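First comes the structure, then the notes that go with it.
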Ligand SMILES: [Ca+2]
Ligand SMILES: [Ca+2]
């Protein structure tokens with residue numbers, strides 16, 4: 001009888017432990033999200049990628065948390081993404097990646113267009129962590145980094161250096177370093193299809 005009671009106690013506590021593990025809820029203040037999502041058309045890694053770290057209220061990383069980038073307006077993700085990211089299109093204009101054991105997700109996002117306002121939602125398991133700006137070498141959001149985008153880049157580079165949408169290295173201005181990033185994508189282009 002005692003053994004049976006003990007077994008039940010262990011069984012129940014193991015269920016509670018499992019439930020607690022599964023129920024880890026992302027905490028926005030404890031999670032880390034960069035303020036600017038920089039992407040491009042062919043999926044090249046720019047800088048160290050767009051990084052998100054998901055932690056719960058006890059500051060413990062949530063491995064396996066589903067991190068979503070949800071786009072809005074004229075900023076459109078492509079229908080194909082660089083693994084381990086995947087596209088949520090056509091169900092939603094988004095990109096999803098499961099965080100690793102350390103709670104980290106690193107995106108090489110393929111998308112077109114830009115938002116100089118904090119318009120792109122970053123969610124983990126549905127919880128809104130942050131809203132960020134976005135910019136891509138496919139400036140006109142037609143699915144490729146091509147001559148039309150080069151013309152837009154050139155205008156900013158020559159006449160409007162403070163332009164945020166072409167500041168790909170996030171140093172505060174559109175300069176030679178940004179042209180280097182644009183050029184690498186332009187010369188190794190792999191077009192994609194924007195999510196409708
Ligand atoms: Ca384009
Ligand atoms: Ca720059």
For the list (1) in contact with a helix residue (DSSP H, G or I) (Cβ under 6 Å, 6 or more places away or on another chain); (2) closer than 19 Å to residue 35 by Cβ, I need the number of the one condition that residue 120 fails. (1)
Test residue 167 against the criterion of being more than 20 Å from residue 88 (Cα to Cα), within 15 Å of ligand 2 (Cβ to nearest atom), modelled with pLDDT of 95 or more and in contact with a helix residue (DSSP H, G or I) (Cβ under 9 Å, 6 or more places away or on another chain), and give yes or no. yes
Considering every residue within the range 154-162, establish whether at least one is crowded, with 16+ Cβ neighbours inside 10 Å, at negative phi and in contact with a strand residue (DSSP E or B) (Cβ under 7 Å, 6 or more places away or on another chain). no
State whether one or more residues within the range 185-193 are free of Cβ contacts under 8 Å to residues at least 60 places away in the same chain, within 13 Å of residue 41 (Cα to Cα) and within 16 Å of ligand 1 (Cβ to nearest atom). yes
On the given criteria, is residue 139 within 16 Å of ligand 1 (Cβ to nearest atom) and touching a helix residue (DSSP H, G or I) at 6+ places or on another chain (Cβ under 7 Å)? yes
Checking residue 172 against (1) touching a strand residue (DSSP E or B) at 6+ places or on another chain (Cβ under 8 Å); (2) without any contact (Cβ under 8 Å) to a residue 60 or more places away in the chain, the condition it does not meet: (1)
With criteria (1) more than 16 Å from ligand 1 (Cβ to nearest atom); (2) at pLDDT 95 or above; (3) in contact with a strand residue (DSSP E or B) (Cβ under 9 Å, 6 or more places away or on another chain); (4) in a loop (DSSP other than H, G, I, E, B), residue 119 comes up short on (4)
Taking the range 136-153 and keeping residues in contact with a strand residue (DSSP E or B) (Cβ under 6 Å, 6 or more places away or on another chain) and either within 16 Å of ligand 2 (Cβ to nearest atom) or within 30 Å of residue 62 (Cα to Cα) (or both) leaves 136, 137
Report, ordered by the first and then the second residue, all pairs with beta carbons closer than 7 Å, sequence separation of six or more or different chains, a first member in the range 127-155 that is under 14 Å from residue 165 (Cα atoms), and a second member that is assigned to a helix (DSSP H, G or I) and within 6 Å of ligand 1 (Cβ to nearest atom). 137/149; 138/149; 139/149; 140/148; 140/149
May I ask you to list the residues in the range 166-196 that are in a loop (DSSP other than H, G, I, E, B) and surrounded by fewer than 19 Cβ atoms within 10 Å (Cβ to Cβ)? 169, 170, 171, 172, 173, 175, 188, 189, 190, 191, 193, 196
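The values are calculated or read from the model by the stated rules, or taken from the named source; none is laboratory data. Keep in mind that what you see is a predicted model, and the values were worked out from it rather than measured. Every residue, glycine as well, gets a Cβ built from its backbone with ideal geometry; the counts of neighbours run over all protein chains shown.
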